[in-house]
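Just so it is clear, none of the values below were taken in a lab; they were calculated from the coordinates. Given the structure is predicted, the values throughout are model-derived calculations rather than measurements. Counting neighbours? That spans all protein chains shown, and the Cβs are built from the backbone with ideal geometry, glycine included.
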Amino acid sequence: MITQNQLATTQASLEEAKQSVLFTTARPDLVMERGEGMYLWDTEGNRYLDFIGGWAVTCLGHAPAVIRQALQEQASRLIHASPAYYNRPMLEFASRLTSLSGMDRAFFMSTGAEANEGAIKLARRHGARNLGGAYEIITTVNSFHGRTLAAMSATGKKQWEALFAPKVPGFRHVPLNDIEALVEAVTPNTCAIMLELIQGEGGVHSADAAYVRKLRELCDEKGILLIFDEVQTGLGRTGKLFAYEHFGIQPDILTLAKGIGGGFPLSAMLVKEAYNIFEPGDQGGTYTGQPLGMAVGLAVVNAIVEQDLAGKAAEQGRYLTEQLERISPRYGLNNIRGKGLLVGLDLPEANGSRIVHECLQEGLLINSPSPSTIRLMPALIVTKADIDAMIQIFSQVLNRVYKA
Ligand SMILES: *Cc1c(COP(=O)(O)O)cnc(C)c1O
């Protein structure tokens with residue numbers, strides 16, 4: 001048993017240890033220690049209802065049996081074999097993902113940024129081989145594609161424009177849903193268009209169906225690649241297994257991460273057979289197709305399909321949206337939007353970080369991707385009771401902030 005005194009010492013040394021972590025972002029004082037289902041607990045025993053979902057990652061909830069079992073079983077058989085060899089879970093996972101998505105080939109990495117980095121390289125390989133050296137990739141304003149230098153260059157975030165110069169050249173940004181701007185940006189130097197079907201970090205903004213269909217036509221006509229970055233929207237998040245199913249078209253390259261490992265660092269790039277064109281040495285990585293990650297990914301994706309978590313995300317997303325609509329007139333919430341369990345809304349004032357902080361104090365985790373926006377992305381296993389509990393805390397905080 002830990003005595004009160006020992007507990008205090010532990011907290012004090014944790015406090016001191018924070019000085020050993022490189023500063024990259026402001027974090028609240030608490031230290032997370034344990035998770036189960038929809039909840040996280042900190043080292044002081046406070047419980048938090050998690051509507052950030054590990055940043056749209058922990059789709060099966062925290063510490064689910066499915067992942068614990070897959071980890072245990074695979075860890076006792078084979079943790080790592082080297083990227084030089086096939087391994088059994090790599091083959092099983094690749095064939096499962098390609099058959100579920102209608103894509104043909106899979107390449108695995110650990111993060112979303114790396115998956116996109118792979119997509120960028122494959123698009124340039126296509127440009128070099130099939131389009132006379134074309135290398136430019138068009139992406140959208142307000143998009144987010146990750147934090148490697150190329151992924152940051154692809155990202156359409158205003159605040160990043162001046163960062164880490166010189167950027168990787170070869171990216172053009174056009175406003176989402178503006179087909180004329182896009183047509184104008186296409187030149188003989190264009191090898192691909194890369195798009196989030198719903199901009200996640202940008203604040204939950206959807207591409208229009210007509211716009212996406214037009215992109216597909218344009219890409220087919222010009223022989224340029226259509227890349228969907230479904231790092232955030234993939235694996236059931238939007239109420240379909242893949243967000244492109246809402247649009248009835250397929251990409252040439254699809255990138256997945258976040259939910260695919262349910263919390264294990266895992267990402268994938270899926271490609272059509274016509275673009276199975278890397279040459280030996282073009283692409284790789286020490287941890288590509290690493291057995292432990294592959295076994296987890298396979299277990300997570302199987303659980304999503306078997307439990308119809310995409311269907312459940314659609315249903316619970318409707319309920320969440322209805323409940324938000326119900327309370328919105330009271331607090332002046334606007335523009336409740338999104339699909340499935342990727343939901344955004346606008347606050348009446350640009351005080352998102354205060355709302356986030358006050359919700360945290362009341363035991364609710366939510367995210368504010370920009371000062372006047374709130375984003376919700378709970379685990380796909382969220383229940384109506386969890387949503388009711390969330391709405392209750394959220395209303396209480398809004399009441400205090402906007403009615404005081
Ligand atoms: C989170 C995210 C990324 C980056 O993924 P990391 O795993 O953080 O590298 C890329 N694209 C989109 C759409 C994302 O939401």
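Of note:
- Relative to the current alpha-carbon distance between residue 384 and residue 130, full extension at 0.36 nm per residue lengthens the span by 86.3 nm.
- If the chain linking residue 69 and residue 392 were pulled fully straight, counting 0.36 nm for each residue of separation and taking away their Cα-Cα distance, it would gain 112.8 nm.
- Separation of the residue 302 and residue 353 label points, Cα + 7 Å toward Cβ, nm: 4.5
- Note on residue 25 and residue 121: the model spin-label points, each 7 Å out from Cα along the C-beta direction, lie 2.6 nm apart.
- Separation of the alpha carbons by more than 22 angstrom is noted, of 158/240; 157/258; 222/339; 312/339, for 158/240; 222/339.
- Kirkwood-based shape ratio for the range 180-266, expressed as Rg/Rh from alpha carbons: 0.99
- Within the listed set 162, 389, 75, the residue fluctuating most in the Gaussian network model of the chain (springs between alpha-carbon atoms under 10 angstrom) is 162.
- Measuring spread by the Cα atoms of the range 91-207 yields a radius of gyration and Dmax of 14.9, 43 Å.
- By the Stokes-Einstein formula, at 1.002 mPa s and 20 °C, the chain with its Kirkwood radius over alpha-carbon pairs has D equal to 96 µm²/s.
- More than 20 angstrom apart: percent of Cα pairs within the range 41-152: 65
- For the pair residue 273 and residue 220, a Förster radius of 22 Å applied to the C-beta separation gives a FRET efficiency near 0.90, rounded to the nearest 0.05.
- Selection from 89, 396, 49, by position along the positive dipole direction of the chain (Cβ): 89
- The overall shape of the range 175-329, judged from the alpha-carbon gyration tensor, is oblate: a/c is not under 1.5, and a/b is no greater than b/c.
- Ranked from largest, the principal axis spans of the Cα set of the range 363-404 equal 34, 22, 14 Å.
- Max mean-square fluctuation residue, GNM over the chain, Cα-Cα springs under 10 Å, options 201, 33, 15: 15
- The helix-only estimate of mean residue ellipticity at 222 nm for the chain, built from DSSP H runs of length n ≥ 4 each weighted as -39500 (n - 2.57), is -12500 deg cm²/dmol after division by the residue total.
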